[in-house]
Amino acid sequence: MIEATPRAALAAAGLLALAGCAAESEPPAPQLDEAAVLAASLPVAQSFQAELQAQLKAAIAAGGPKDGVSVCQQAAPAIAMAQSEASGAQVSRIAARHRNPAGGVPEELAEAYAALEAAPLKDGKPNRQIVQTGSGAQAKVHVLSAIPMQEQPCAVCHGTAIDAGLKAHIDSLYPGDLATGFSPGELRGALVVSWDAGRFLK
Ligand code: HEC
């Protein structure tokens, strides 16, 4: 099963403790239905990954790695936006060692990201973490799905032995690139599917 982040677990323990001493007449605070959050998020994450990988492989096969770079640069945000519109969630990619400087790890997700870094796979599948942020109308719930590094096709652009010409092309687009030197199995990044928490309270 999915492990709640320590923070979520603490919050849950706190709620339980409160419930224990609350007067019986008080209704219980609404709880986040984590199973429903996951059920809604996993198809969004999976179709993002499938769509991007299909476009990436097709572009590399047709035009080589430089065309693949264009796909990652342009198709990834376009797919994320289309998925967001279709699902009502916000879809994004984050990474501690990132290529796109806009894709760093927000502080509120850092603990969950570290847990994915420690164990990118769980039972052979990408590990996942659920994080709640904000409160009231601003409350959000985020599902982070690990993106493990793979040899093919990822190593061409994120591995330890990137072609010099390709690296120069990448550096011209991303001067501060941190996303190289990964080995298969390491955490390359995380896909984040974010929702208004209100729709999952029960
Ligand atoms: C053809 C080169 C290329 C290949 C192959 C490639 N990537 Fe990337 N990757 C990029 C580029 C370029 C970006 C920056 C995209 C952007 O501007 O958002 C990127 C960004 C990412 C990001 C977002 C975080 C960041 O670093 O900015 C993740 C996660 C990622 N790639 C994972 C992968 C994985 C996993 C694979 C293998 C399935 C892969 N990539 C294959 C070029 C590539």
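The values are calculated or read from the model by the stated rules, or taken from the named source; none is laboratory data. For clarity, every value in this text was computed on a predicted model and none was experimentally measured. Here the Cβ is made from the backbone with ideal geometry for all residues, glycine too, and neighbour counts use every protein chain on show. Quick note on the areas: whole protein, heavy atoms, side chains included, nothing else; ligands and nucleic acids left out. Shrake-Rupley method; radii C 1.70, N 1.55, O 1.52, S 1.80 Å.
Taking the range 92-107 as the range and being within 12 Å of the ligand (Cβ to nearest atom) and of a type outside the set (D, E, K, R) as the test, the residues that pass are Ser92, Ile94, Ala95, Ala96, His98, Asn100, Pro101, Ala102, Gly103, Gly104, Val105. Restricted to helices (runs of 4 or more DSSP H) entirely inside the range 38-149, those with at least 2 residues that are of a type outside the set (Asp, Glu), open to solvent by 60 Å² or more (accessible area, probe 1.4 Å) and free of Cβ contacts under 8 Å to residues at least 12 places away in the same chain are 76-87. Within the range 181-191, the presence of at least one residue that is hydroxyl-bearing (Ser, Thr, Tyr) and either open to solvent by 40 Å² or more (accessible area, probe 1.4 Å) or part of a loop (DSSP other than H, G, I, E, B) (or both) is confirmed. Scanning the range 150-175 for residues that are away from the ligand (no atom under 11 Å from the Cβ) and not in a helix (DSSP H, G or I) yields Thr160, Ala161, Pro175.
Can we say Leu178 is within 10 Å of the ligand (Cβ to nearest atom), closer than 23 Å to Glu151 by Cα and open to solvent by less than 30 Å² (accessible area, probe 1.4 Å)?
Considered against the rule, which asks whether it is within 10 Å of the ligand (Cβ to nearest atom), closer than 23 Å to Glu151 by Cα and open to solvent by less than 30 Å² (accessible area, probe 1.4 Å), Leu178 comes out as no.
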